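For reference, the structure is listed below as structure tokens.
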Amino acid sequence: MPRHRVFGNIHFLPLQPVEKLNALLNLADIYLLLQRDDAADLVMPSKLTGMLESGRPVVVTADPDMQMGKVVSGCGILTRPGDPDALAATVSLLADSPASAGRWAPRPPLRGDSSG
């Protein structure tokens, strides 16, 4: 597989105003959160919350034993950091199968739960 490919359905935009953030986030079919293995537990990315609230599938490169992996487990898909083949296979599966993508979309939290 070539190291770099050009896709007609991927667009890189310059920094956008905050007013456009919600509209831009709603454009994604699949979210990718790529973490380096050696940085996975340094910080929890703030963008993860928005990704999980979107109702779209979230693919995260994280070790399942790290905090990021524990947070995403059960509401997203984990692949090992540094394994581009696994990441590509996961994204391809989701892109090629809308039913599979729907199965992996996070469910919104229940509101008004008084059991806490």
Cβ-Cβ under 9 Å, sequence separation 6+ or interchain: first residue in the stretch 5-29 and without any contact (Cβ under 8 Å) to a residue 12 or more places away in the chain, partner assigned to a loop (DSSP other than H, G, I, E, B) and surrounded by 10 or more Cβ atoms within 10 Å (Cβ to Cβ). Which pairs? L24/Q16
Kindly evaluate T61 against the criterion of being of a type in the set (S, T, N, Q) and in contact with a Ser or Thr (Cβ under 9 Å, 6 or more places away or on another chain). yes
Say whether the condition of being in contact with a Gly (Cβ under 9 Å, 6 or more places away or on another chain), assigned to a loop (DSSP other than H, G, I, E, B) and modelled with pLDDT under 85 is met by at least one residue in the stretch 35-46. yes
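The values are calculated or read from the model by the stated rules, or taken from the named source; none is laboratory data. For clarity, every value in this text was computed on a predicted model and none was experimentally measured. Cβ sites come from the backbone with ideal geometry, for glycine too, and all protein chains shown count toward neighbours.
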